[in-house]
1. What are the residues in region 24-50 that are free of Cβ contacts under 8 Å to residues at least 12 places away in the same chain and under 11 Å from the mean Cα position of the chain (by Cα), if any?
2. For the list (1) loosely packed, with under 15 Cβ neighbours inside 10 Å; (2) modelled with pLDDT under 60; (3) part of a helix (DSSP H, G or I), I need the number of the one condition that Phe131 fails.
3. Please indicate, with yes or no, whether at least one residue in region 64-73 is under 19 Å from the mean Cα position of the chain (by Cα) and at pLDDT 85 or above.
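The values are calculated or read from the model by the stated rules, or taken from the named source; none is laboratory data. This one's a predicted model, so the numbers in the text were calculated from it and none came from an experiment. Glycine also receives a Cβ, built like all others from the backbone with ideal geometry; neighbour counts cover every protein chain displayed.
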Amino acid sequence: MEPISFPITSKVIIYLSNSPREPVCGQIYSVYYNAFMDFCGVAQLLRAMESLYDTLDMPQASCENQAFHPLKRAKKNGDDRMIESRAGHRKSVEADQATFLVHVIYRQYNTWQGRITWMQDKTSRNFKSVFEMLKLMDDAMNGSSQIQYIWNAD
């Protein structure tokens, strides 16, 4: 049986700076566009990835996202220019930067399912939600030094 192959359009490489004093910042590399996009914060990371998938219409979303302030969508033939005008080049690689290859296979029920590979450790995991993907990234970057949150009922 041959392995199932997926198009490169839904694959991105995420470069994260590993600074405990800053929010999650870095760059997203689109394999399809061969271009980089800067982000700072989890919301910007997810919005940039969602925008890429919406632009390419791959993987297709199973339902529309809700919003308090709906975004105006660019016309389909203008999307490529919009991405190119904001995309940049790779910045210098920092020694403590974590790198992840993320392959979103499905966008169902307003979340994503796919596979994430931590490039430094060469380990891969499947994820069933965006939250699980973010937890895997956090685990790779912080490992055993993660903060333990304890709630007291007192």
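1. Those that are free of Cβ contacts under 8 Å to residues at least 12 places away in the same chain and under 11 Å from the mean Cα position of the chain (by Cα): Ala43, Gln44, Arg47.
2. (2)
3. No: zero hits.
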